[in-house]
Amino acid sequence: MTTNQGARAARPGRALAWIVGLAMTGLVFDGYDLVVYGTVVSTFLRDPSQLGPVTPAIAGALGSYALIGVLVGALLAGSVGDLIGRRRVMLASYAWFSLGMAACALADSASLFGWMRFATGLGIGALLATTAALISEYAPPGRKNLYNALTYSGIPLGSVLAAALAIALLEHIGWRGMFWIGALPLVTLLPLAFFKMPESVLWLKSRGRHEEAARVAAKFGLDPAAPVAPAAAPAAAGKPGYAGLFGAGYRVPTLLLGGMSAMGLLLVYSLNTWLPELMLRAGFNAKGSLSFLLVLNGGSLFGGLLASRVADRFGPKPVVAASFTLGALAIVTLTLHLPLAVLLAVVALVGLGTSGTQTLIYGFVANYYRTNVRAAGVAWCAGFGRLGGVAGPMLGGLLVGGGLALDAVFQILAGLAVLGVCLTLLVPVARRTEPPQVPAASRVA
């Protein structure tokens, strides 16, 4: 191999590292947003001087407002991302949700806080809907589930960060300071992504922008001559976006995948919103209850990465089903009277079976659809799935406010995980409609 060939061979790895690193960092702040509200909800419940009187029902509703925004943002971004490209939507999302977090920090009433949470959710939903589509179009063949899991590990990593910062800083900077931290991407991530985040070569080719695709491919070390299969071209593939998503061949899988995501996110958001409060009521102190949140998301981070390697070998469907099953069993185990060390280990398994499962679902969906409906497919998964996310904090609020026993709460959540298993097993096998985009370096002898 010549020196020039060696230099060219190194470029795709560096480019992919930038793409995955920036995308993962964006999702770190999504994960931070996911958990930061759960770390402060007990403050709102016990201190009416913050936002006014907040009951468990109001707290559940406030937790759901952001998720309604995520639902709307994700569904809108699905069509927009397939029309104007992945890069533009992602840059706009970084700016939007950063400003939303800053506005939350300034809110002085429960109603204003709720509206600002909704606005923040719009940007997060658009980001979630677009990130998996971009990563799946740059990831090497045979490692797509791994790269999606690496990217989406940003969500549990951000969740761990939120819990850890709350343990260390909440009593010093208050809940407003926690939300100001969530606004940092505006001055950190956004400038870097503007210069380092490329548009998808496959998307450019699917829109007929071949010269631009060649320039991006050359800059990032991809093979500019790699063909786009007929299925990726709108004229030959049928309609792009949501019209194609609900066309013949995709209609039933789309409904099932949306249901899977809804069950996964219902579990994720109910636990991340209410686990600290449930553990407070079980007799743990404030920092101890936040530690359960830290372990929950730590389990989802490392477990999701390990499960993604298995998914690349055996396919994502059986691994997602097994992960849901593990989550159900672990949640039921929480009803037993266990020593603290064992209880923490079980909570880590709950994290793998809930947030870790959701990470696998995003990779499953992103690789299930052809290019010209991929962003819409991920948007549907992130958007429709948010119906479960919206229901999660509300469900927890109803169960806690209704005085239901702790064991009964966990048993209900375990039953929902079993429903997720059933939906996963019903998803038909995906049909391969197009070859993957491969780095030019992989073609060098």
Response to the item:
Over the stretch 411-445, the set of residues in a helix (DSSP H, G or I) and modelled with pLDDT under 85 is A440, A441, S442, R443
Practice prompt. Answer yes if at least one residue in the stretch 78-88 is at pLDDT 85 or above, out of contact with any Gly (no Cβ under 9 Å at 6 or more places or on another chain) and farther than 24 Å from G258 by Cβ, and no otherwise.
Written response: no
Discussion item. Regarding the stretch 190-198, can at least one residue be identified that is closer than 17 Å to I135 by Cα and touching a His at 6+ places or on another chain (Cβ under 9 Å)?
Written reply: no
Worksheet item: Taking the condition more than 17 Å from F302 (Cβ to Cβ) and buried (at least 24 other Cβ atoms within 10 Å of the Cβ), does F179 pass?
Response: yes
Worksheet item: Say we look at the stretch 366-393 and pick out the residues that are of a type in the set (A, V, I, L, M) and either at pLDDT 80 or above or outside any helix (DSSP H, G or I) (or both); which of these is nearest to S270 (Cα to Cα)?
Response: A391
Worksheet entry | Any hit, the stretch 281-299, residues being in a helix (DSSP H, G or I) and within 18 Å of R386 (Cβ to Cβ) | no
Worksheet item: Of the conditions (1) touching a Gly at 6+ places or on another chain (Cβ under 9 Å); (2) at pLDDT below 85; (3) under 24 Å from Y369 (Cβ atoms), A92 fails just one. Which one is it?
Response: (2)
Discussion item. For the stretch 310-322: of the residues being closer than 16 Å to L150 by Cβ and within 18 Å of the chain's Cα centre (by Cα), which is modelled with the highest pLDDT?
Written reply: V319
Response to the item:
Residue hits (the stretch 32-74; in contact with a Pro (Cβ under 9 Å, 6 or more places away or on another chain), of a type in the set (S, T, N, Q) and under 17 Å from A166 (Cβ atoms)) are T39, S42
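Conditions (1) assigned to a helix (DSSP H, G or I); (2) at pLDDT 80 or above, marked per residue:
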{"site": "G123", "(1), (2)": "yes, yes"}
{"site": "L128", "(1), (2)": "yes, no"}
{"site": "P140", "(1), (2)": "no, no"}
{"site": "P156", "(1), (2)": "yes, no"}
Worksheet item: What residue, among those in the stretch 83-126 that are touching a Pro at 6+ places or on another chain (Cβ under 9 Å), surrounded by fewer than 24 Cβ atoms within 10 Å (Cβ to Cβ) and of a type outside the set (D, E, K, R), is nearest to M197 (Cα to Cα)?
Response: A95
Worksheet item: Looking at S300, S323, which one is touching a Pro at 6+ places or on another chain (Cβ under 7 Å) and of a type outside the set (D, E)?
Response: S300
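The values are calculated or read from the model by the stated rules, or taken from the named source; none is laboratory data. What you see is a predicted model; the values in this text were computed from it and never measured. Note: ideal-geometry Cβ built from the backbone for every residue, glycine included; neighbour counts use all protein chains shown.
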